[in-house]
Amino acid sequence: MKKTALVAGAGGFIGGHLVKRLKKEGYWVRGVDLKHHEFSPTKADDFVIGDLRDVATCNRVMDRAFDEVYQLAADMGGAGFVFTGKNDAVVLHNSASINLNMLEAAKNTKIKKIFYSSSACIYPKHNQLDPNNPKCSEDSAYPASPDSEYGWEKLFSERLYMAYHRNYGMDIRIARFHNIFGEEGTWRGGREKAPAALCRKVAETKDGGTSEMWGDGKQTRSFLYITECLEGVSRLMKSDFAGPVNIGSDEMVTINDLAKMIMGVAGKNLQIKHVEGPLGVRGRNSDNKLIREKLGWAPMCSLKTGLEKTYPWIEAQVKLGRTASKQV
Ligand code: NAD
């Protein structure tokens with residue numbers, strides 16, 4: 001019998017890629033999202049447009065005992081969306097409602113296994129002040145002090161999934177994603193993250209021109225290419241380990257380094273103008289000790305390899321946008 005999976009957030013970046021992967025693996029897949037995928041038609045067998053803040057929608061999409069549920073739906077975005085403070089109430093309310101409803105529906109339908117996508121944003125701010133030495137091991141999450149409401153909601157929801165496991169015996173898996181990037185991700189509009197935003201700026205700017213960057217560019221991060229993220233999720237689902245576990249790259253770079261790498265891939269040399277903007281913590285990197293220990297695997301793909309696939313896709317989107325606006 002075909003395995004069945006429900007992907008919540010299937011109209012988004014990671015959810016869209018996950019549906020494709022599950023279909024290749026032979027699953028029967030239902031996707032659910034507020035919207036259709038922006039960049040490619042879904043490969044899901046069934047795609048429901050619905051609002052998961054509404055408990056009736058959660059019950060409706062979980063009308064059978066799926067083998068696997070992947071809960072990726074969240075109100076999220078890059079620094080421009082989560083670190084300005086302007087969307088705090090919306091982020092907390094929307095994402096917490098989705099998780100509360102999804103778990104209750106999953107409990108009632110006797111879902112076999114449920115995956116929850118948490119985030120590196122749950123880690124305490126005070127451990128990420130030194131850009132050269134951030135601490136993001138899984139056991140450093142407490143005492144908790146995330147630097148955004150987005151991080152607090154993720155931490156609350158991790159606890160919610162763990163409580164459903166404890167009290168109702170629900171089989172759960174929790175991963176803390178660290179900056180996932182790749183083709184078919186948000187690249188403009190204010191919710192895009194650093195790699196996509198910088199790829200877009202480089203693609204939009206002529207060789208030798210000037211492009212803006214938020215902050216001094218000395219803050220550090222790591223970025224994980226989408227296929228590696230999905231490999232980690234798949235391995236976690238097949239393992240006996242519930243998590244939470246980091247799924248991220250441990251190739252830490254400064255944002256200035258990231259920009260240089262993208263320019264290298266694009267074959268351009270731009271001047272960077274540093275401007276004020278929302279930034280997040282000073283340093284962050286994935287600590288991959290636990291994932292190696294529990295899954296005998298950790299992401300290996302280099303940042304450059306991922307950018308070599310992502311940049312041409314964003315460059316093509318920029319060109320498409322120009323052509324479309326000329327035609328109007
Ligand atoms: P995304 O924004 O592309 O996808 C999230 C999807 O959820 C969107 O398509 C959105 O429409 C949908 N959604 C939001 N509210 C909904 C609602 N009320 N009902 C139904 N659908 C709703 O984001 P993504 O990058 O694909 O991230 C997927 C998950 O991984 C999110 O939970 C995110 O917090 C988590 N995560 C992502 C990253 C990353 O770097 N991309 C890092 C850490 C954690």
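Points worth noting:
- Subset of the range 185-217 [touching a Ser or Thr at 6+ places or on another chain (Cβ under 6 Å) and more than 21 Å from LYS268 (Cα to Cα)]: GLU192
- Residues being part of a loop (DSSP other than H, G, I, E, B) and under 21 Å from ALA10 (Cβ atoms) are represented in the range 104-119 by at least one member.
- When residues of the range 68-86 are limited to those that are over 26 Å from ARG173 (Cα atoms) and more than 11 Å from the ligand (Cβ to nearest atom), the one surrounded by the fewest Cβ atoms within 10 Å (Cβ to Cβ): GLY85
- Subset of the range 1-37 that is more than 15 Å from the ligand (Cβ to nearest atom) and crowded, with 23+ Cβ neighbours inside 10 Å - its residue that is farthest from PHE177 (Cα to Cα): VAL29
- Every condition in (1) surrounded by fewer than 22 Cβ atoms within 10 Å (Cβ to Cβ); (2) modelled with pLDDT of 95 or more holds for PHE115 except the one numbered (1).
- GLU38 touching a residue at least 24 places away in the same chain (Cβ under 8 Å), over 30 Å from TRP214 (Cα atoms) and acidic (Asp, Glu): no
- Of the strands (runs of 3 or more DSSP E) lying entirely inside the range 162-269, the ones with 2 or more residues being more than 16 Å from the ligand (Cβ to nearest atom) and in contact (Cβ under 8 Å) with a residue 12 or more places away in the chain are found at 210-214.
- Meets criteria (among the hydrophobic types (A, V, I, L, M, F, W, C), buried (at least 21 other Cβ atoms within 10 Å of the Cβ) and modelled with pLDDT of 95 or more) for ALA89: no
The values are calculated or read from the model by the stated rules, or taken from the named source; none is laboratory data. Small disclaimer: the values here were computed from a predicted structure and weren't measured. FYI the Cβ positions are ideal-geometry reconstructions off the backbone, even for glycines, and counts take in every protein chain you see.
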